[in-house]
Amino acid sequence: MEKLFETEYRSWIERHIHESRGERQRRIKERHGFGEKLFLEQAWWPVVGSLDGLYPEYEFVDTHGKYIYMDYGYIRDPRLTCIECDGFGSHARDIDRNTFTRGLDRQNEISLASWNILRFSVDKLKEDPADCQRYIRRMMEEWYRQERAGLLELPLYQREIVRLAARSVNPITVEMACDSLGKKEKFVRKEVKELSEKQILEGVSGTRRISAYRLTLKGRLL
């Protein structure tokens, strides 16, 4: 897998260098570095398995006619996505009030042009790539309606419980799942029990009767 990624990555980056001109070409050669490649290797490739539709240092012209360069532009219907990979050290060292304001203006310009935006820290990519992969899976599912193979193998209502758990910041309860599915408690408890037996959900509170659940690592990687 690693060898295949390296081969595809080298072919992909060389193609974009050859096809680009001017400032974009310079930025791909000089600024596309460790963090940008780490994102592809740790988050994107394990989920998508392809670099198709992904453009490094994508050129975007704002309403003032100024060029903005995204780390990646994902060019796919029905909506374009801007992906940024931020290293804390360089940002924290170089930031001042004007730079901070320009950064916000930049993001507003991209967002108001109807782009989706996802941002990843280099630290997160290094320390918790599985969670970064989860965001890519959710992006593909929620923005591009691309179902995950592992998720499709589950029965309909179990898939919806997994989606609910993936969207929720906090552990989910049976009551939350009942409200989401519009089903009665007895039915939902049965579905949750089966997901627990499949090691997709795990209990996080209660002893004799578990009252809240979260996705296991297996569930996050579906």
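The values are calculated or read from the model by the stated rules, or taken from the named source; none is laboratory data. Small disclaimer: the values here were computed from a predicted structure and weren't measured. Cβ sites come from the backbone with ideal geometry, for glycine too, and all protein chains shown count toward neighbours. Ligands, DNA and RNA are stripped out before the accessible areas are found, and what is left, the full protein with its side chains, is counted by its heavy atoms. Shrake-Rupley method; radii C 1.70, N 1.55, O 1.52, S 1.80 Å.
What residue, among those in the stretch 1-18 that are modelled with pLDDT under 95 and acidic (D, E), is surrounded by the fewest Cβ atoms within 10 Å (Cβ to Cβ)? Looking at residues that are modelled with pLDDT under 95 and acidic (D, E), I get E2. Scanning the stretch 144-167 for residues that are exposed (fewer than 15 other Cβ atoms within 10 Å of the Cβ), touching a helix residue (DSSP H, G or I) at 6+ places or on another chain (Cβ under 8 Å) and within 28 Å of R79 (Cβ to Cβ) yields a count of 4.
Only residues that are open to solvent by 60 Å² or more (accessible area, probe 1.4 Å) and either among the aliphatic types (A, V, I, L, M) or not in a helix (DSSP H, G or I) (or both) were counted across the stretch 19-35, and they come to 2.
To keep it simple, each residue is scored yes or no on (1) at pLDDT 95 or above; (2) touching a helix residue (DSSP H, G or I) at 6+ places or on another chain (Cβ under 8 Å); (3) within 16 Å of E36 (Cα to Cα); (4) not in a helix (DSSP H, G or I).
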position: Y72; (1), (2), (3), (4): yes, yes, yes, yes
position: D77; (1), (2), (3), (4): no, no, no, yes
position: C82; (1), (2), (3), (4): yes, yes, yes, yes
position: C85; (1), (2), (3), (4): no, yes, yes, yes
position: A92; (1), (2), (3), (4): no, no, no, no
position: N98; (1), (2), (3), (4): no, no, no, no
position: T101; (1), (2), (3), (4): no, no, no, no
position: D105; (1), (2), (3), (4): no, no, no, no
position: L118; (1), (2), (3), (4): yes, yes, yes, yes
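Residue count for the stretch 1-17, restricted to those that are closer than 16 Å to R27 by Cβ, touching a residue at least 24 places away in the same chain (Cβ under 8 Å) and not hydrophobic (A, V, I, L, M, F, W, C): 1.
Of everything in the stretch 173-222 that is open to solvent by 40 Å² or more (accessible area, probe 1.4 Å) and among the hydrophobic types (A, V, I, L, M, F, W, C), the residue that is nearest to the chain's Cα centre (by Cα) is L221. Among the residues making up the stretch 51-68, those that are at negative phi and open to solvent by less than 30 Å² (accessible area, probe 1.4 Å) are L51, L54, P56, F60, D62, I68. Scanning the stretch 154-179 for residues that are of a type in the set (S, T, Y) and at pLDDT 90 or above, we see that the one that is nearest to K198 (Cα to Cα) is Y157.
Would you check if P129 is at pLDDT below 95 and either of a type outside the set (A, V, I, L, M) or under 28 Å from R220 (Cα atoms) (or both)? In short, yes.
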